[in-house]
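The values are calculated or read from the model by the stated rules, or taken from the named source; none is laboratory data. Values in this document were obtained by computation on a predicted structure and should not be read as measured data. Note: ideal-geometry Cβ built from the backbone for every residue, glycine included; neighbour counts use all protein chains shown.
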């Protein structure tokens with residue numbers, strides 16, 4: 001397996017958060033195209049948004065702006081997706097590559113104490129969101145709707161991901 005320099009990992013994380021934002025917006029677009037997307041799909045995307053705020057708050061040691069499973073409308077999901085893009089971009093600007101190795105202490109939703117590196121948390125955020133967007137695609141397809149085409153490689157090929 002290839003070993004990345006700190007700067008290369010930092011650049012990859014920026015790229016992954018660009019993908020995360022694009023994919024969230026594509027899912028929202030597929031919801032609008034569906035007209036009445038499955039309720040579970042909307043709840044899952046709201047969870048993606050809520051969880052990203054939760055992890056961000058752990059990184060900056062603040063109270064989260066949303067619950068892990070918030071009740072959000074499509075408009076609110078869109079608003080939060082845009083806000084999260086700015087939050088993650090500003091956070092990465094602030095920590096720089098050297099901040100990836102810092103250890104963060106936090107409590108999970110069960111009240112358990114944990115310590116993880118910033119790098120591992122950031123990777124988790126992107127992977128967790130992708131996991132739930134996959135569930136959304138399954139729900140959309142099962143309900144007879146066309147899910148968003150959000151493959152990472154598609155976003156790269158089409159230059160939709162920076």
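Miscellaneous remarks
- Subset of the stretch 102-117 [touching a residue at least 24 places away in the same chain (Cβ under 8 Å), touching a helix residue (DSSP H, G or I) at 6+ places or on another chain (Cβ under 7 Å) and either exposed (fewer than 14 other Cβ atoms within 10 Å of the Cβ) or part of a loop (DSSP other than H, G, I, E, B) (or both)]: none
- Test for residue 6: is it farther than 27 Å from residue 144 by Cβ and either in contact (Cβ under 8 Å) with a residue 12 or more places away in the chain or crowded, with 16+ Cβ neighbours inside 10 Å (or both): yes
- Among the residues making up the stretch 69-101, those that are part of a loop (DSSP other than H, G, I, E, B) and surrounded by fewer than 14 Cβ atoms within 10 Å (Cβ to Cβ) are 69, 71, 73, 96.
- Among the residues making up the stretch 130-154, a single one is under 24 Å from residue 50 (Cα atoms), at pLDDT below 95 and not in a loop (DSSP other than H, G, I, E, B): 152.
- For the condition surrounded by fewer than 19 Cβ atoms within 10 Å (Cβ to Cβ), touching a helix residue (DSSP H, G or I) at 6+ places or on another chain (Cβ under 6 Å) and either more than 16 Å from residue 146 (Cβ to Cβ) or touching a residue at least 12 places away in the same chain (Cβ under 8 Å) (or both), residue 15 does not qualify.
- A residue that is more than 14 Å from the chain's Cα centre (by Cα) and farther than 25 Å from residue 8 by Cα can be found somewhere in the stretch 46-61.
- Scan of the stretch 77-101 for residues that are over 23 Å from residue 13 (Cβ atoms) and without any contact (Cβ under 8 Å) to a residue 24 or more places away in the chain, ordered by number: 79
- Residue in the stretch 118-129 that is outside any helix (DSSP H, G or I), within 17 Å of the chain's Cα centre (by Cα) and under 22 Å from residue 25 (Cβ atoms) present: no
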